[in-house]
């Protein structure tokens, strides 16, 4: 059992130091010290028997195997809980130990074990978190660093938790709106594939037995049915191959720029993605500025969290302009107009021949940040309330994304009905045209 070394204050406010007998845990040690009439200010383990140390190492603090990073929802919950514990006045190491004990095995628990070990070795919280990039990104680490420098870690944690909660709420809205159309399309593809595999071959056998002459539309259906019947196992590979091709394209800077510009120029979907990025980046920048992070570092972090090359390029230009002594608003307006990209034009021609390239050429000079954002940033810089204005921009664009997402859901429903009706109509016409001719011949 360990021995605890403590620092405390007696009833007269005098500092008292001492050690306890061997006790089971820290809570028991605190109870023992309080029973002596002291108020505990610091308590550490001085000595532990070998058996106890090995048990602790192999027991509750044992790392588990984990792949990938920490999910946004889990990290948001952890941040909110840590901010509550800090508001309550608990030491940071004890707060982290409590939260570590609550976590199930995984990447976050492993990261918290490492963070606690680093802090015990003398590192600050931000330095310890910086060594766990899979759990805590640069945005997280720099905000913690700013909170430590300003002596307001609990305030920064509260802001960080609010930022993460709003980001997660917006993400849930978008994902929730996409569930219905994705489920409908998946079921529809399954039904059509079943018709092609089971129903159409039965009709083809009838037509073959009666040597019926097949019109071109039926021959097209026969070819599609034969492909599905012979190569049905390749159907799930199409989305996988498509995803790999896009991933390979985005490995190159020119390809990434072309694909990201293609995405944000899409009708409706592109607007949602674009406004979502504006909302996320302005909220990130506002949170960093309000937390005391230097503006150049804040812009660099915001650039890295964009997730879109066009916005990364814009924030990079703003970063360079501020280094030259300029404000944010002017370079934001100047560099928010993407340049023509031939790869984007090729992608439009592949996905939507003829109409797609014309649509892109009409939209290529449309700015990704409108005058509302530029003017509010300009006012924020003039009044010294840049963070407040950035928060207002983020809230405004969050509402726009919610409205567009709801509109998209209402638009997709009739569009899916038309597409599915067209597919079923094609199959019915292709099957019944030769069938009617066969019936007439037999009559």
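The values are calculated or read from the model by the stated rules, or taken from the named source; none is laboratory data. In this text the structure is predicted, and so the values were computed from the model without any measurement. Every residue, glycine among them, receives a Cβ derived from its backbone with ideal geometry; neighbour counts consider all protein chains shown.
Points to keep in mind about this one:
- Segment 231-348 holds helices (runs of 4 or more DSSP H) entirely within its bounds, and those carrying 2 or more residues that are more than 21 Å from the chain's Cα centre (by Cα) and without any contact (Cβ under 8 Å) to a residue 24 or more places away in the chain map to 237-249, 309-323, 329-334.
- Hey, residue 130 at pLDDT below 80 and surrounded by 15 or more Cβ atoms within 10 Å (Cβ to Cβ) or not: no
- Among residues of segment 323-371, those that are loosely packed, with under 12 Cβ neighbours inside 10 Å and either more than 16 Å from residue 262 (Cα to Cα) or in contact with a strand residue (DSSP E or B) (Cβ under 7 Å, 6 or more places away or on another chain) (or both), counted: 4
- Flag if residue 378 is within 30 Å of the chain's Cα centre (by Cα) and exposed (fewer than 13 other Cβ atoms within 10 Å of the Cβ): no
- At least 3 residues being over 28 Å from residue 167 (Cβ atoms) and modelled with pLDDT under 85 is the threshold, and among the helices (runs of 4 or more DSSP H) wholly inside segment 23-100 those reaching it are 26-35, 50-58.
- Picking from residues in segment 390-418 that are touching a residue at least 24 places away in the same chain (Cβ under 8 Å) and farther than 22 Å from residue 172 by Cβ, the one that is surrounded by the fewest Cβ atoms within 10 Å (Cβ to Cβ) is 416.
- Hits in segment 179-204 - residues which are within 16 Å of residue 417 (Cα to Cα) and either modelled with pLDDT under 80 or surrounded by 15 or more Cβ atoms within 10 Å (Cβ to Cβ) (or both): 180, 181, 184, 188, 192
- Hey, residue 161 assigned to a helix (DSSP H, G or I), surrounded by fewer than 18 Cβ atoms within 10 Å (Cβ to Cβ) and either in contact with a helix residue (DSSP H, G or I) (Cβ under 6 Å, 6 or more places away or on another chain) or at pLDDT 85 or above (or both) or not: no
- No other residue among 417, 439 is in a helix (DSSP H, G or I), in the same structural domain as residue 271 (by TED's automatic domain parsing) and modelled with pLDDT under 90 apart from 417.
- Scan segment 209-230 for residues that are part of a helix (DSSP H, G or I) and surrounded by 11 or more Cβ atoms within 10 Å (Cβ to Cβ) and the total you get is 12.
- Matching residues in segment 5-15 - criterion: being at pLDDT 75 or above and either surrounded by fewer than 16 Cβ atoms within 10 Å (Cβ to Cβ) or within 45 Å of the chain's Cα centre (by Cα) (or both): 5, 6, 7
- Selection over segment 231-258 of residues that are within 19 Å of residue 192 (Cβ to Cβ) and surrounded by 12 or more Cβ atoms within 10 Å (Cβ to Cβ) gives a count of 2.
- Residue check for residue 128: under 30 Å from residue 398 (Cα atoms), in contact with a helix residue (DSSP H, G or I) (Cβ under 9 Å, 6 or more places away or on another chain) and free of Cβ contacts under 8 Å to residues at least 24 places away in the same chain: no
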